Amino acid sequence: MQSVEQLRLCARKSYSWITLTVFLLASWSVSTLGLAQEIATDDAPLKQSGGQHDLKPQTINPNLQSTSHTHQSTSTGSYGVNSIIPEWTPDLRDEDTRLKAQKGDFVAVPIPVADPTIGTGLVIAGAYYYGQSAAQKAAQPASTTQAVAAYTDNDSYAYGLMQQNYWDEDKWRFTGAAAYVALKLTLLDSKYTESGKGLDWNIKGTLLKGQLLRNVGENWFVGGQFRLINNEQTFSSSGEGENVEGNTEDEIGKAKANGAGLLVQYDTRDNQTNAYSGQRFEFDAMFNDEFFGSSNTYQSYQARYRYYYHLLDPLVLAFEARGCAKYGNAPLWDYCTVGLRGFSATKYLNKASSSGQIEARWKVFGDFGVVGFAGGGFDSPEVSKLWDDDMIRSYGVGIRYMVLDSQRINLRLDYARSGDNDAIYVSVAESF
């Protein structure tokens, strides 16, 4: 038994070092801004109990620009919206498939989604691709204007426009987006509800963002970004969640999160939608400030690393590590989430989180495949306490059907568990 316990401790330390690597860049940036100072919040005292923090349900400020008690994808996009707006849109103009509607350079496709945070629904995405010369086709993707609309069975919906441009043999990349999002969520974080009972949490608002990146070396891009969010959130009780103090159906919290920041990207993947080899690293720093019209001043740092290894002809191993940190008076809807499967994104909300997961993807026969995955994560009010509590574990299996071989686009069905929670996911994209 002693040797088993030693192995457990060794595995836990190894995982901590893996996820800590993701945080090193964020921590370095934080230190340059003097963020080692203690954030002025009136957190409730923590009582250590069996490796877990026993917390009383905490009051949510109805005029919430931030919650003084702290507990992801990050912005509203963390709460299932990433399933609606993918990070990469493949060019389907020359593909022979019945899954699209096309007229000239305009293509529209339906995308089914199922997610424990936003429910089950349908996304309709359309894209217009701008013409290119033969030299441009060989050097860079086609610029596009895209429109997206989505609706799910819990009455969440979103619609918006996105513009992507590429110039000078892919030396410059621009992405701009404008969207309206209305989410009907269930807040499950135990710090805000009694005994884990849910609290109805409605978020609606607008998003405007822009990113400009410049190639600075082989596969490296560096640039700047801006983001303007104007959200309104309401809380109403669901079940025994009505026992949470200071929340009625009439209380409204409005907040703006306006800021500018930095982006760093590195990408050697052999395919954007379903990589078999290569790696991708992203670092995102956003500085929200009253100078830009933000309701509060706070900083957001996120890092994400993905690695893919083609072990055998039908077998690919994929690994992902994520880190997130918030400093200052961030609104609750912009808190860090834990980027694992098996639970709603609203289950763990905090000012710091990290996670790592590994997935084995095996193409069994023809267009059918199976996957198995496992991972772990942590969340905390502070980065320095990130690994003090027990690990949040996640594991599961999935089925894949390749709907478009040339682009490696899979229809994904996953079943995941985490503790007493489980969830089903449907998407036309890999989890990472």
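Some values worked out for this structure:
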{"quantity": "Where labels lie 7 Å past Cα in the beta-carbon direction, separation of F291 and F226 in nm", "calculated": "1.4 nm"}
{"quantity": "Length added when fully stretched, W167-L311, from 0.36 nm per residue minus Cα-Cα", "calculated": "48.3 nm"}
{"quantity": "Per-peptide average of other Cβ atoms within 10 Å, ordering 143-153, 291-301 highest first", "calculated": "291-301, 143-153"}
{"quantity": "Segment N271-N202, length gained on full extension (0.36 nm per residue, minus Cα span)", "calculated": "21.2 nm"}
{"quantity": "R0 of 51 Å, Cβ-Cβ distance I358-K103: FRET efficiency to nearest 0.05", "calculated": "0.75"}
{"quantity": "Pairs beyond 30 Å (Cα-Cα), from K209/K385; K171/K385; K204/K351; K137/K184; K103/K363", "calculated": "K209/K385; K171/K385; K137/K184; K103/K363"}
{"quantity": "Relative packing of peptides 135-142, 348-355 - highest average C-beta neighbours within 10 Å first", "calculated": "348-355, 135-142"}
{"quantity": "Segments 312-325, 154-167 sorted - mean Cβ within 10 Å per residue, highest first", "calculated": "312-325, 154-167"}
{"quantity": "Residue-span extension gain [E382 to I399] - 0.36 nm each, minus C-alpha spacing", "calculated": "2.4 nm"}
{"quantity": "Global geometry of the stretch 389-432, whether rounded, prolate or oblate, following the gyration tensor of its Cα atoms and the 1.5 cut on a/c", "calculated": "prolate"}
{"quantity": "Unit Cα scatterers, Debye sum, the stretch 284-365: log10 I(q)/I(0) for q = 0.27 Å⁻¹", "calculated": "-1.22"}
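Taken together, the values in this text are just the output of simple stated rules run on the coordinates, not laboratory data. On a predicted model such as this, the values are computed, not experimentally measured, just so you know. So basically every Cβ, Gly included, is an ideal-geometry build from the backbone, and we count neighbours across all protein chains shown.
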